[in-house]
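Input: a single structure, listed below in structure tokens.
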Amino acid sequence: MQLVLENVSKCYRNGTWAIRDFSLTFTPGVWGLLGPNGAGKTTLMRMLATITRVSRGRILWNDVDCATSPNALRAVLGYLPQDFGVYPNLTGTEFLQYIAAVKGIAGKAARERVAELLEVVNLTSEKRRPLGTYSGGMKQRIGIAQALLNDPKVLIVDEPTSGLDPEERLQFRNLLSELSENRIILLSTHIVSDIEAVATRVALMRQGRLLSCMSVEDLLRGVAGRVWEVVLPSSGLETLRQLYSVSGLVHRGDGVHARVLADDRPPFGTRLLEPSLEDAYLSALACN
Ligand code: ADP
């Protein structure tokens, strides 16, 4: 099972190249697409969801070209778009049954699948409430449930955790991990911590290009020995920022404690720190 992108590029009508020469092979597991706003994540996901056309290059689902035969991928696709809207007056059950009908699942099969998915996303006790009364996290979970109705082999979720509180984010991540067996899950975000916890591999993107794709461990290894704690008065902060990439700041009684990326000990550097994915991400963006 594989989803292959071969030199994929996308140019919008206004001449913006949102994706440039992007090549990557997705296999089962959770893949994090990480990049700043405007990197092209949504465009890439919409092309993979066969909603937006590819300008150049090819997307192949198990060797079938999605430009000429999109239905092969559509049949196994679940998609939770960034701007997922729900019908506020429908209950959880009604909404899922409605989407099931749209996807061609009817009768007893639909009822059973809806009940099963309400369990999976932990919304059985809320199934009779109108969606308009759901919290942000509950809406995202019903969104995942609708994307899972056809038991997709490829699940695409675009910026799923924005607007969720920390506990809802944790629940959502756990749900994705549980779903990842024998499925390709693509998760786009600009929030590094969302990916750190669930992704088996991380594709770093900027300005439509793939900068790198590797495991979280390899990304962390790449910055090991290069993350320093620097403690300095706040008046020195501006100079520090001009000279180094600063990946974090905490104001304490004895001054500002900064996380600084540097090959050698920087001025006011006190000790080496355990690298985080945020450090690796900033380092990759700074190098490319
Ligand atoms: P991300 O999801 O990483 O924030 P997008 O895929 O939304 O990135 O956008 C990538 C680039 O394409 C941006 O420069 C954005 O302004 C541009 N873009 C996105 N959608 C359109 C569109 N429909 N028409 C023209 N330009 C677009």
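Laboratory data are not the source of any read-out in this text; all were calculated from the coordinates shown. Keep in mind it's a predicted model, so treat the numbers as computed, not measured. So basically every Cβ, Gly included, is an ideal-geometry build from the backbone, and we count neighbours across all protein chains shown.
So the values come out like this:
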read-out: Ranked list, fewest to most other Cβ atoms within 10 Å of each Cβ, for C287, C213, C66, C11; value: C287, C11, C213, C66
read-out: At R0 = 22 Å, FRET efficiency that the Cβ-Cβ distance of Q207 and Q242 yields, to 0.05; value: 0.45
read-out: Pairwise centroid distance, computed over Cα atoms, of the range 242-268 with the range 96-124, Å; value: 51 Å
read-out: 0 to 90° range, to nearest 10: angle between helix 107-120 axis and the chain longest Cα axis; value: 20 degrees
read-out: For the range 11-106, Kirkwood radius (reciprocal of mean inverse C-alpha pair distance, Å); value: 15.7 Å
read-out: Whole-Å distance, taken between Cα centres, linking the range 145-163 and the range 182-219; value: 16 Å
read-out: Fewest-first sequence of R209, R252, R53 by Cβ atoms within 10 Å of each Cβ; value: R252, R53, R209
read-out: Average silhouette area of the range 110-202, convex hull of alpha-carbon atoms, in square nanometres; value: 6.1 nm²
read-out: Residues L285, L170 arranged by fewest to most Cβ contacts within 10 Å; value: L170, L285
read-out: Relative contact order, percent, the chain [alpha-carbon distance under 8 Å, six or more residues apart]; value: 21 percent
read-out: Kirkwood-based Rg to Rh ratio, the range 170-276, C-alpha trace; value: 1.06
read-out: Over the chain: helical MRE at 222 nm, DSSP H runs n ≥ 4 each giving -39500 (n - 2.57), nearest 500; value: -10000 deg cm²/dmol
read-out: Extension gain, R128 back to Q171 (0.36 nm per residue minus Cα-Cα distance, nm); value: 13.4 nm
read-out: Rg/Rh ratio calculated on Cα atoms of the chain (Kirkwood radius); value: 1.03
read-out: Lysines with Cα under 19 Å of K139, excluding same-chain neighbours fewer than 8 positions away; value: K127
read-out: Radius 12 Å from Cβ of P28, net charge of other residues (Lys, Arg +1; Asp, Glu -1); value: +2
read-out: Straight-distance crosslink candidates among lysines, where the alpha carbon sits under 17 Å from K41 and sequence neighbours closer than 8 are dropped; value: K10
